[in-house]
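Read-outs throughout are calculated quantities, based only on the coordinates presented, and are distinct from any laboratory measurement. Just so we're clear, the structure is a prediction, and the values are computed from it rather than from any experiment. Please note: Cβ atoms are built from the backbone with ideal geometry, for glycine as well, and neighbour counts cover all protein chains shown.
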Amino acid sequence: MAATIIEGKKVSARIRKELKPRIAALKEKGVTPGLAAVLVGDDPASQTYVASKGRACDKLGLYSEIILKSAGTSQDELLDIVRQLNENDQIHGILVQSPLPSHIDEMTVTLAIRPDKDVDGFHPHNVGLLLLGRPALISCTPFGIIKLLEHYDIDPEGKEVVVVGRSNIVGKPVAALLMQKGRTANATVTVAHSRTPDLAEVTRRADILVAAIGRPEMITADMVKDGAVVIDVGINRVEDAGTEKGYRLVGDVAFEAVADKVSHITPVPGGVGPLTIAMLMTNTVTAAEILTGIDS
Ligand code: GUN
């Protein structure tokens with residue numbers, strides 16, 4: 001059986017296109033949605049992510065400010081930047097790229113961001129609303145996974161979903177979304193993680209398997225049920241002397257072997273990744289609509 005390859009780029013392009021009338025309605029009333037992305041330090045992967053967030057804003061005609069600070073920036077300096085952005089009417093969405101240098105406490109910074117500008121959906125206020133089934137700004141990668149399922153008419157209702165990984169930015173929120181009452185939800189959700197004794201026994205139960213562990217190609221074909229839907233959230237750099245950059249990107253799933261036995265699978269790159277940025281753009285527009293009271 002040949003699996004359907006879930007084309008994240010295509011879904012991301014559709015979502016961005018659908019944002020255009022909402023952006024136009026805001027602009028008609030004199031509001032250009034604005035995103036500020038703050039990067040502290042010089043982590044190359046973070047630099048790439050932040051640059052692509054800025055480019056995505058440009059392409060959609062959103063205003064963006066990319067604020068680059070050296071690794072030695074103090075926590076107080078960063079908190080000052082966040083407070084200024086909280087007060088800046090041109091900025092509707094604020095994100096501080098993680099990871100932050102170890103002398104800065106991420107939670108302190110997250111708590112300083114106004115919840116109604118928290119386009120990452122990381123603030124405890126937004127995490128709480130998500131868990132209560134009343135989401136406002138939803139964390140971008142979990143939100144993107146829901147959009148992928150919707151686009152491919154994959155209804156999780158009544159299905160066994162296994163999420164591998166319990167991070168605050170993917171594992172926990174995607175589990176919370178899929179177990180809610182409502183559309184593209186109503187699933188029976190199990191969260192497995194590094195302390196799960198027999199991981200393969202759990203993952204083999206999954207009708208929908210979400211891999212978000214951050215370990216290259218850890219999910220092998222024997223761990224997956226025939227005909228399952230596999231969502232691979234991993235983006236791992238593995239050394240490859242044969243490539244120009246000296247590395248290649250692989251997911252948490254051994255793609256070739258798993259693709260042979262499942263019904264749908266996301267590739268890496270080009271699967272979940274493009275959705276994260278599309279949902280960041282969506283959240284920025286949503287935040288602008290809520291903050292200004294302008295709704296199309
Ligand atoms: N680092 C890796 N992914 C993300 C993300 O979605 N948001 C932020 N702020 N930092 C990240």
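General observations
- The shape of the stretch 57-108 can be summarised by an equivalent ellipsoid whose semi-axes, obtained from the alpha carbon gyration tensor, come to 22, 13, 9 Å from longest to shortest.
- Point-to-point label distance, His193-Arg14, nm (Cα→Cβ direction, 7 Å offset): 3.4 nm
- Separation between Cα centres of the stretch 55-123 and the stretch 239-291, rounded to whole Å: 23 Å
- Mean separation of Cα contacts under 8 Å (6+ apart) over length of the stretch 221-296, as relative contact order %: 32 percent
- Theoretical ellipticity at 222 nm over the chain - DSSP helices of four or more residues, -39500 (n - 2.57) apiece, nearest 500: -12000 deg cm²/dmol
- Taking every full run of DSSP H in the chain, the ones that stretch at least 24 Å from end to end by Cα along their long axis and average 1.0 or higher on the Kyte-Doolittle scale are 273-292.
- The stretch 62-207 - Rg (one decimal) and Dmax (whole number), Cα, Å: 17.7, 52
- For the stretch 166-287, a/c is not less than 1.5, where a ≥ b ≥ c are the root eigenvalues of the C-alpha gyration tensor, and a/b does not top b/c. That puts it in the oblate class.
- Just checking the listed ones, Ile213, Ile146, Ile67: in the Gaussian network model of the chain with Cα springs under 10 Å, the one fluctuating most is Ile67.
- When each of the peptides 238-244, 90-96 is scored by how many other beta carbons lie within 10 Å of its residues on average, the order from highest to lowest is 90-96, 238-244.
- Subset of Lys59/Lys245; Lys69/Lys117; Lys159/Lys261; Lys20/Lys69; Lys53/Lys159 violating a 23 Å alpha-carbon distance limit: Lys59/Lys245; Lys20/Lys69; Lys53/Lys159
- Radius of gyration and maximum dimension Dmax of the chain, Cα, Å: 19.2, 57
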